[in-house]
Amino acid sequence: MRRYLLDEHIPPVYQTQLLYHEPSLTVLAIGDEGAPAISTSDPEILKWCEKHDFSLVTNNRKSIPQHLVDHLAAGHHVPGIFTINLDVSIGLIIEQLILIAGASYEDEYIDRIVYVPLR
């Protein structure tokens, strides 16, 4: 099952609600034990996600796309990046992240940025 790393700008309620509604998920947030520290650079977060097989959940639409391009150009990969819209209902975002985790192929989102909610 897909594992998620929530960037430090995602409110903690997202982690709480993901785990409440799907306790079998592995959901870490930046700053959690075993996750990258707060203020870790985006390129280092992508390397961590690759090494530990976590998909990144972020609301960073500005710099993450270029960081992904640079990451891929360096010969690296990432299990997926899910960019969420914090202006959309948290319930819809949680529902879709759980659906993605349970119903997607392991490599379905590799090296891709997907905007959630899905269209």
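Just the number, please: carbon plus sulfur as a percent of the accessible area of the range 1-95, 1.4 Å probe, no ligands or DNA/RNA counted. If you can, show how the numbers build up before the last one.
On the way: 2620 of 4910 Å².
Ligands and nucleic acids excluded, carbon and sulfur give 53 percent.
The charge dipole of the chain, taken about its Cα centre with unit charges on the Cβ atoms of Lys, Arg (+1), Asp and Glu (-1) only, comes to about 220 debye.
How high is the relative contact order of the range 32-119, given as a whole-number percent (alpha carbon pairs under 8 Å, six or more residues apart)? Could you put the intermediate results ahead of the total?
Working: 97 pairs, mean separation 26.9, N = 88.
The normalised contact order for the range 32-119 reaches 31 percent.
Figure legend: label point modelled 7 angstrom from the Cα of ILE38 along Cα→Cβ; no residues of the range 61-84 have amide N under 11 Å from it.
The values are calculated or read from the model by the stated rules, or taken from the named source; none is laboratory data. Since the model is a prediction, treat every value here as computed from it, not as a measurement. Cβ atoms come from the backbone with ideal geometry, glycine included; neighbour counts cover every protein chain shown. Note: accessible area is taken over every heavy atom of the protein model, side chains too, but ligands, DNA and RNA are not part of it. Shrake-Rupley method; radii C 1.70, N 1.55, O 1.52, S 1.80 Å.
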